[in-house]
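Structure first, then comments.
The numbers here are math on the coordinates, done by the rules we state, and not lab data. Because the structure is a prediction, the values reported are computed rather than measured. No Cβ is skipped: glycine too gets one built from the backbone with ideal geometry, and neighbour counts run over all protein chains shown.
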Amino acid sequence: MGRNSGYVDGLMSGATWGVVAILLPGSEQLSGASLLAMSMAVAALCDTAAAFFLLVRSGVSGSLADVARVLASRRALTIGACSVLGGPLFMGGYIAAIILAGPSNALTATATYPVIGAVLARFLLRQRLDRVGWLGVTVAVAGAALIAVDASGSDNSVQALVGVAVALAAAAAVALEGIVATRAMVGLDTNIVMTVQKLLSAIMFGVVLLVLPGGIATVGSVMAIAGLIVPIVCAGMIAAYSYVVWYRSIREVGVARAMALNISYAMWGAVFAWVLHDAPLTLLALAGCAVVTAGAVLTILSGRDESTYAAPTSAGPLPASAAAPEPLST
């Protein structure tokens, strides 16, 4: 039963992240704001809503004291690095890519993150890819090329191509975040780490917006428009839920299978954008989506099969509740 629910959780993490993409606004919804200010403002509000959701969840589960202990420990520095990579660099870049290239292209391009992570792990963690893994890399690159070709045929081809490039950079940031998080999560409940990461990310976004020209003004403008702030807050809360079920899927069916299910968000996002926003669903976009997904699946399923998630155990003193993480209920 647990394994079956893990498969459902994996699919739910992909489907909910697809919903997040179509809830986030495009540049046409707030005239006068620069691309950087708009993307950072929306990402900051989204991550702040996610942090609030996870903080409330920690309060309900009685783990706020553990969150505070991790924040006060040296481990917070490593988690802070994850916050930079997953916050301003990934989330900010991801939203900029949605604005430039549309949710379908942005989602599909960021679906290369498992492949980029595998390549980075080869050089940074000395983890070698087998032949199936490198086949996956090649297939995913071919899929990304199809997306780029599709983007180049849009009404504003240069803008769309820049959006795809930004999405690939965002994918690299979140892939690197996963490598850094390997150390950050040693011996800790991943849900506590997630809460700390989102709290630090919200703080870092605040700093970025303070020094970014027009950043605070753009946040105020977004918050003053109900048609913008309500979807963004909803997107943040759904994103937080997506993180929770994603990690629960890892715990129940293993990293490889959970990731294979999670990257279905490329498909979900394209379908939801087509149904709800009348976004064009071209054959090239569909082909690129399918090929990137296939390449990522080949990469993450190559090598040793992981049936269960097991974190490294070589860690220092930890909160008592972090020694044996319990599944969260939703």
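The length gained by stretching the chain between Ala142 and Leu284 to full extension, at 0.36 nm per residue less their Cα-Cα distance, is 49.9 nm.
What's the extension gain from Ile203 to Ala224 if we count 0.36 nm per residue and subtract their Cα-Cα distance?
Numbers: separation 21, 0.36 × 21 = 7.56 nm, distance 2.11 nm.
Stretched fully, the Ile203-Ala224 segment lengthens by 5.4 nm.
Between Leu71 and Tyr7, the contour length at 0.36 nm per residue exceeds the Cα-Cα span by 19.8 nm.
Ranking of Leu85, Leu283, Leu228, Leu35 by neighbouring Cβ atoms within 10 Å, starting from the fewest: Leu283, Leu35, Leu228, Leu85.
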